[in-house]
Each structure stands twice: as C-alpha cells, then as structure tokens.
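Here's the structure we're looking at; comments come further down.
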Amino acid sequence: MKKTTSVIKISGITISILLSFLLTFSTVELCAQCCNFTNSGQNLDSLPTFGVALGDLNGDGDVDAFTIDAYVDIKIFSNNGSGLFTLSQTITPTGGEENNMGVHLADLDNDGDLDAVVVPFYNSTSLKIYKNNGAGTFTLFQSISSNIGARYAGIADVDGDNDLDIVLPGWMGPAVGVFKNNGSGYFTVGSALSLVNFGSSNDIAMADFDGDGDQDAVVVSSSMGGRLLLNNGTGTFTDAGITLGNISDSYHACAAGDLDKDGDADMVFGCMYGPLTIIRNDGAGNFTILATYPGSNYDMHIKLVDYDYDGDPDIFVSTYGSNGLEVWSNDGEANLSLCYENVSPMPGTYSHGFDVGKINGDAYYDTFMGQFGGDGDKVFFGAPGFSVTAVNASICQGDSYTFPDGFVSNIPCMHVSHFLASNGCDSNIVGTLTVTPVNVMMSLNQVTFTAQAANASWQWINCTNGFSVIPNATAQTYTATQSGSYAVIVTQNGCSDTSQCLAVIVTGIENANENTINIFPNPVDNVLNINAGTETLQKNINISDLYGRVLLEFTSTASGIIPVTMNEIHAGIYIVQIRMPHNTIQRFRFVKQ
C-alpha cells in the first residue's frame, strides 16, 4: 500500500506533511473574534440596488453577481476569480417592466447553467424569466402577467416532476401564486391561494415542513406573523391555519433550515426594528418559538450558510441600517450568538438584498451587499478569526483514513474536524479524502485466468494452499496445472489489492475416459448438447456447481445428441456428470455464459 500524505493550505501557503504531523495539528489557534469581514473597496454601480443573487454565470468556476437596480435596470457583474467584479451586461426592461425587486438563480431549463427569475415589485409588472446562454449573457425568455407584486419568490419542485417551479407571495394583496415549469423553463399559471386574515406577504421560505416528501411554504407578514402553506404534492397549497411567531412583530424576512440538527426544517424570522426569532419545527409541521434575539435594525433578507464548517447553518442578515450586515453563529442546537456586524470603520450598507458565497477563491464565505444608496454595492471578504484548514488526503482502495477528530472512512468523502477553543471560537480542518481504486476483476477460460487490469503488475496466489505466492506467476494470465482456488494481487497506480478467489477443476474432467461421449458447445448459452454416441444404456445425468450443489438431474436412455436447456442456470462454471451402469462415471466442466 502507498504511504498516505496530506496537503494543508493555510492562508494560500501549501505545505506537504505526513499524516503523523497532521494528527498533532489539532491544537487550535485562539482568536479574539470568531468571524470578521474586510471591505474589498469596491463600489459597484451608483444606482440603488434591490435584489442580489450570486452564482457561476459564465462557467469559469467562480461566482458572479446578478443585481436588480431599483426601478431601473438589471446588471450582471463578472468575477475575475479574486473577487473583483466588472460590469458585463446591462438589461433595460421595456416601459413599465423596470419595477422589479428580488432575483433568484436556478437551472430552469436543465441545460446545466443558471437562469434567472426576476420578481415583480408591483402587481402591474410581469414575472420574468431570463435564460443564460452558458457564457453569462441573459436574454428575456418569458414575461408572465401574474398580477402579483412580491419581494421574493420560492423556487422549488412543488409538483414532483423534477423541475423547478415558482411560488410568488404577494405583498400588495393576499394572493400567493404558483407557476409551473414544463421542464424547459417555460411557466404556466397553476392554482393560486388567497390568504385570509393575513394581509401582505413580505418573504417566503420553501421546505418539506410536515415530512410528507413534498415542498411546503412559509410566508411572513408585517402584522400577522407567519403562515404555513401545505402542499398536496401536486403544487396545490392550502393554508394550515396556524400562526408562526408573534403577531406583534413586523416580520420582513425569513429562511428555512435545520438549525438544531434534528433532520427537519426550522425557521428564522427577521423583523423591522425587532428581534430575530428562531422557530423550531417538530418534523410534522408544528412550530414553537425557541428563542428571540433583540435587534434594532430593519432586517431585509436572510441567508443560511455554514460559514464556520461545523455542520450547522449560521445566519446572515442584510439590514436597512448602519449595521448593514449581521452574522449570527449557531452552536448546533439553534442557540445563536452575534458573531459580526458592520460597525465603523466598516462602511454601512443600507441593503435590501444581498447574497453569500465564496467570492475571492479562499475557504471563507464572503458577501455581496446590494446598497440602497448612491455609493455603490459593497463586497465584503470573509476573514474569520477562527482557523480553517484545508486537508487533502489520498488512500489506496481497501485502506482507511483517520481524520484529525478521529472519524474514520474508507470511501471518498469530505469531513470537517471541529475543535473548540477556550474562548468559544471554532477551529476547523476541512478534509477531502480520495481513494485510489485498483481493478481486481479477472476472468476464467477453461483453466486460464486473466486479470483485467492493464498498466499494472500481477502476482498470482494459491488460495487453497494458504494464499501462497505461486513462483514466477507474474504475468497478466495464469494457467492452472491442478485443481484448486486461485486469486491475483494487482498493483496499480502505487496501490495493491487482491481479487476474490476463483475455483477451477483441472484433472478428471474432459478426458476421463476415451469414448464417444462428449459435450458441446463450451462455453454454452442456452442449450448444452451431450453427445452419447451409440450408447443406449440408462444414463443418470446431473449438473452441479463447483461447490457440489446439484442444480439439474435426470435419467435418459437416448443415444446421439441429448439437449439440455440451460435457461434456469446462471452464468458461471459447472460440472456435468454422466453415470453409466456399473457406476462408470464421466465428468465434463463447462462454462455457462
């Protein structure tokens, strides 16, 4: 087996180390602050921004930005891979269609690139679908007169046909519209729902809240809390009639995620000048308020991202206020602590919309903040005080690898080793394990074994004789000279592995007696022919596998060709035995294909 080495990357420096050193690396670096962000210095576009969405729009492997200028244009910014954005396309909607708010990126037509759903801000504006040509250039594909003004939409497969649909919650009225995708990114109007005693919806979150396998929705309002909308599996929603959160709080943002690691989707509600509220789901769609965290900002949008790689989602909030970005750290049980907020000398961001992603190519999450002001959108690079280390390890097939926290795997995976420093700041080692495979498949023809692995070395062994090495048997093929069980050790790409043992009978088979009795064809597909010659005496015939288990048995006095149907016998190696009077026995080995 080859020796396992790992690669650790710290602040862009690559150091090759042996695993033994890696296991001593579990001491964590103490930090004064658990997360931090630095201003990239970019001021993108002087127009106020509503919606922001990040994604790899041009297929170059980094995240670009799709933004909505308030009441004006749509802009696409390309990332150079280091987090610096340049304007690549401006879309000017036709008259009356410039009043848009939110934007969502998704592969709507299943062609492998990200398209855009642009959400109408007013009832008079259309819901718009922009298709991507794969190089980051967008063209208006469809305008849908929804008669629903909204802030954001829910994007999910609501009817179970494996494409993404749209759920649009109205902020100018009680309507919630459903728009179904035909698979090519063309949408038709589905069943709508009018919410009673709820008013307008400010935001929506999609998840399977009741555990029945389809995508439900939660909407939030300014005066009536949140409302659960249950899906019947076909994209038809009904109001569950329960209130989530507190009706005294003015909810403007929400997001869904498994905050307490119990396998179901919980909720985060954000307020206009009120608390951040955590609402726990019991898995059946029953919600209770778990905790509220005081706040004085106007929460506009929420994203759930595991920024510290500890296996639970943390909470990013864009606010319309001097502390434009807030980051709340989750301890895995939905207990939050404020990890970061924009304070002087960081620039304030009066942000309606934002998004989170790995913008500048390192391991930390960054934010693109849409600025509702005249000094342009802001890009903040994540520079957490906690330690994040990337570890790449490779093992041979059949071996196992122990990650720094003791987790053991023998299959390819990514695993985060999480350590907690004395001051509560996380330190994480993000390990990626690859496994080098070895092809140990082999075939048997008559008495000759053939290893399938090419560009390899081979050593044949005798399984019957204590897995002993057969001297000088180092070719890709091996011809057995005696009955037994054999295997091959294959060494390929620096790794070795052993095949399964395969049995063969060499002596006492085809030429047991010199007479006219024989079998054909060999190998056989459907019918094995036994040539009995002129012999008319009674013959007891059976077919068995190499373990002696009889699969077929019959008696015949026929001479000439005796056909035996093989349809019920699986592919493999078998023995046909013909017992004549006076216990004369002949055996023949054959291969069933």
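For the reader, a short list of remarks on this structure follows.
- The simple Förster model, with R0 at 41 Å and r as the Cβ-Cβ distance, assigns Asp73 and Asn335 a FRET efficiency of 0.45.
- Per residue, the accessible area of the range 86-237 comes to 35 Å² when a 1.4 Å probe rolls over the protein heavy atoms.
- Close amide H contacts of His301 (hydrogens built in the peptide plane, cut-off under 5 Å, sequence separation of 5 or more or a different chain): Ser318.
- As an equivalent ellipsoid, the chain spans semi-axes of 65, 32, 22 angstrom, where each value is the square root of five times an eigenvalue of the C-alpha gyration tensor, largest first.
- Calculated [θ] (222 nm, deg cm²/dmol) that DSSP helices of n ≥ 4 give over the chain, each run adding -39,500 (n - 2.57): 0 deg cm²/dmol
- R0 of 45 Å, Cβ-Cβ distance Asp306-Val550: FRET efficiency to nearest 0.05: 0.15
- Normalised per residue, the volume of the convex hull around the Cα set of the range 431-581 (Å³): 156 Å³
- Dimensionless Rg/Rh of the range 268-333 - Kirkwood Rh, Rg from C-alpha atoms: 0.98
- If the segment from Phe520 to Thr477 were pulled out straight at 0.36 nm per residue, it would be longer than the present Cα-Cα gap by 13.0 nm.
- Orientation-averaged projection of the range 399-486 equals 8.4 nm² [convex hull of Cα atoms, one quarter of hull surface area].
- Equivalent ellipsoid, the range 210-316 (semi-axes from 5 times Cα gyration tensor eigenvalues, Å): 21, 18, 11
- Kirkwood-type radius of the range 538-593, with distances r between different C-alpha atoms, in Å: 11.9 Å
- Distant-in-sequence amide H partners of Thr389 (H built 1.01 Å from N, under 5 Å): Asn428, Ile429, Val430
- Amide H to amide H distances under 5 Å link Asn342 with Gly324, Leu325, where only residues 5 or more positions off or on other chains count and H is placed in the peptide plane.
- Within the chain, longest stretch free of exposed trypsin sites (Lys or Arg not before Pro) [DSSP loop, at most 11 other beta carbons within 10 Å]: 4-548
- Derived from the Cα gyration tensor, the three semi-axes of the equivalent ellipsoid of the range 87-193 are 21, 18, 10 Å, largest first.
- Its Kirkwood hydrodynamic radius, worked out from the mean inverse distance over all distinct Cα pairs, puts the range 142-287 at 15.1 Å.
- Using the Karplus relation 6.51 cos²θ - 1.76 cosθ + 1.60 with θ = phi - 60°, the per-residue 3J(HN,Hα) values for the range 276-287 come to 8, 10, 9, 10, 8, 9, 8, x, 10, x, 9, 10 Hz, with x marking Gly and Pro.
- Sequence ranges 551-564, 88-101, 190-203, ranked by mean other-Cβ count within 10 angstrom, highest first: 190-203, 88-101, 551-564
- Using a probe of 1.4 Å on the protein chains alone, the accessible area found for Asp264 is around 20 Å².
- Across the range 454-494, the convex hull enclosing all Cα atoms gives 70 Å³ per residue.
- Using θ = phi - 60° in the Karplus curve 6.51 cos²θ - 1.76 cosθ + 1.60, the 3J(HN,Hα) couplings for the range 223-235 round to 9, 10, x, x, 9, 8, 10, 9, 9, 8, x, 10, x Hz; x is entered for Gly and Pro.
- Whole-number percent relative contact order across the chain, with pairs defined as alpha carbons under 8 Å at least 6 apart: 10 percent
- Gain upon complete extension [Val469, Gln89; 0.36 nm per residue less C-alpha separation]: 130.0 nm
The values are calculated or read from the model by the stated rules, or taken from the named source; none is laboratory data. Computed from a prediction, not measured in an experiment: that's the story for all the values here. For neighbour counting, all protein chains shown are included, and Cβ atoms are generated from backbone atoms with ideal geometry for every residue, glycine included. Surface areas here come from the heavy atoms of the whole protein model, side chains and all, with no ligands, DNA or RNA. Shrake-Rupley method; radii C 1.70, N 1.55, O 1.52, S 1.80 Å.
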